[in-house]
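The values are calculated or read from the model by the stated rules, or taken from the named source; none is laboratory data. As the structure is a computational prediction, the values presented were derived from the model and not from experiment. Counting neighbours? That spans all protein chains shown, and the Cβs are built from the backbone with ideal geometry, glycine included. Surface areas here come from the heavy atoms of the whole protein model, side chains and all, with no ligands, DNA or RNA. Shrake-Rupley method; radii C 1.70, N 1.55, O 1.52, S 1.80 Å.
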Amino acid sequence: MKSLKPTKIICVGLNYIDHAKELNMEIPKEPIIFLKPTSAIIYNNDTIVRPKISKRVDYEVELAIVIGKECKNVKKEDAMEHIKGYTILNDVTARDLQEKDGQWTRAKSFDTFCPIGPKIVSDLDPHDLDIQLRLNGEVKQKSNTKNMIFKVDELVEFVSSIMTLYPGDIISTGTPPGVGQLEKGDIVEAEIEGIGILKNYVE
Ligand code: ZN
């Protein structure tokens, strides 16, 4: 994983039907995207550090697309040939700052707020994978990637219509229902069928 050098991490907000229903929100008509800085990346078994300025730091398990070939304005039909594979991303978020700021950059960008891993897998169907998050062994988020509103090929088409994607760039596809808070001493495990478990500690 450490050889992966993304130039950017693009995340999609509100991309699970069951999560949108949970929040009583309308299904978005086009993807809502934001960026996380690459300086926030940590790996499997690393520690998430909660900044003092936030009183509520949340986990969000997500399926992440890893780009394999430079591309711009890719059509949906050609999207898959530009993908290297898939991994797991925990979109750690300072929820209180997200609400306070009215935009998401600070809340999503602290160092250690982007655990990725444990590996990149290319040979799987990204739209039929069980996805779950466990906090200290207890299941907190549980869904299947078939519940994604915008599919992997649509996301590559959409994002590449805005910005050039380079090998190693990451598109994280949004989180299912059940997001919640991380506390000191927690062990957080994000698991996706066929990829594995991304485990991190919290301090
Ligand atoms: Zn997210």
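Look at region 2-13 and say how many of its residues are away from the ligand (no atom under 13 Å from the Cβ), surrounded by 14 or more Cβ atoms within 10 Å (Cβ to Cβ) and under 22 Å from Glu189 (Cβ atoms).
Counting residues in region 2-13 that are away from the ligand (no atom under 13 Å from the Cβ), surrounded by 14 or more Cβ atoms within 10 Å (Cβ to Cβ) and under 22 Å from Glu189 (Cβ atoms) gives 1.
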Kindly indicate whether any position in region 92-103 is within 13 Å of the ligand (Cβ to nearest atom) and part of a helix (DSSP H, G or I).
yes
In region 14-41, residue most open to solvent (accessible area, probe 1.4 Å) [restricted to those that are within 12 Å of the ligand (Cβ to nearest atom) and at pLDDT below 90]:
Leu14
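Taking the condition assigned to a helix (DSSP H, G or I) and touching a residue at least 24 places away in the same chain (Cβ under 8 Å), does Leu133 pass?
Criteria not met by Leu133.
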Is it the case, given these coordinates, that Lys184 is in contact with an Asp or Glu (Cβ under 7 Å, 6 or more places away or on another chain), assigned to a helix (DSSP H, G or I) and more than 16 Å from the ligand (Cβ to nearest atom)?
no
Check Val179 against each of (1) away from the ligand (no atom under 16 Å from the Cβ); (2) at pLDDT below 95 and name the one condition it does not meet.
(1)
Filter pass, Tyr86 being more than 15 Å from the ligand (Cβ to nearest atom), under 23 Å from Ile197 (Cα atoms) and not polar (S, T, N, Q)
yes
Checking the conditions here, which among Leu165, Leu63 is touching a residue at least 12 places away in the same chain (Cβ under 8 Å), touching a strand residue (DSSP E or B) at 6+ places or on another chain (Cβ under 9 Å), closer than 18 Å to Ala190 by Cβ and aliphatic (A, V, I, L, M)?
Leu63
